[in-house]
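The values are calculated or read from the model by the stated rules, or taken from the named source; none is laboratory data. Predicted model, so just to flag it, every value in this text is computed and none were measured. Here the Cβ is made from the backbone with ideal geometry for all residues, glycine too, and neighbour counts use every protein chain on show.
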Amino acid sequence: MTAEEIQGVARELQTIRNQIQTLSSQVTEYGITVEALDKQDPGRPVFRSFGNLLLEVDDRTSLVSELTEAKNTLDEHLRRLLEKEEGLREQYERLAEAFEME
């Protein structure tokens, strides 16, 4: 066991943690957006950004469905990253312990 191997796992763990933080923020943002759409008066217009354009949405139900699907996809990806983080953390702890025993 070398210090470089432990550092490699630590770097990978840090990368995963950064991805988890980013995805968590995106999941929260989607949740807030869907919640805001549900609370908004159905008679008021809703707009969506497409590149540099802001276009009115005709089918609000479709938009909510699309946003919910995107949130669910991100949730699933986040779940997989959390599992990977757990495995890497356990691997790091085992490697560090083995290194200390040498």
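Among the residues that make up segment 34-42, is at least one of them assigned to a loop (DSSP other than H, G, I, E, B), more than 30 Å from E4 (Cα to Cα) and touching a residue at least 12 places away in the same chain (Cβ under 8 Å)?
Yes, that holds for at least one residue.
Search segment 83-97 for residues being within 16 Å of the chain's Cα centre (by Cα) and surrounded by 14 or more Cβ atoms within 10 Å (Cβ to Cβ), and hand back the single one that is nearest to A10 (Cα to Cα).
The qualifying residue nearest to A10 (Cα to Cα) is E85.
Assuming V64 fulfils every condition listed in (1) surrounded by 12 or more Cβ atoms within 10 Å (Cβ to Cβ); (2) touching a strand residue (DSSP E or B) at 6+ places or on another chain (Cβ under 9 Å) apart from one, which condition is it?
Here V64 clears every test but (2).
When R48 is evaluated against the numbered criteria (1) charged (D, E, K, R); (2) assigned to a helix (DSSP H, G or I); (3) under 22 Å from the mean Cα position of the chain (by Cα), which criterion, by number, is the only one it fails?
(2)
For segment 1-51, how many residues are surrounded by 13 or more Cβ atoms within 10 Å (Cβ to Cβ), under 30 Å from Q91 (Cβ atoms) and hydrophobic (A, V, I, L, M, F, W, C)?
9
List every residue pair whose Cβ atoms lie under 6 Å apart, where the two residues are 6 or more positions apart in sequence or sit on different chains, the first residue falls within segment 65-90 and is among the small types (G, A, S), and the second residue, located anywhere, is at pLDDT 95 or above and exposed (fewer than 15 other Cβ atoms within 10 Å of the Cβ).
Nothing qualifies.
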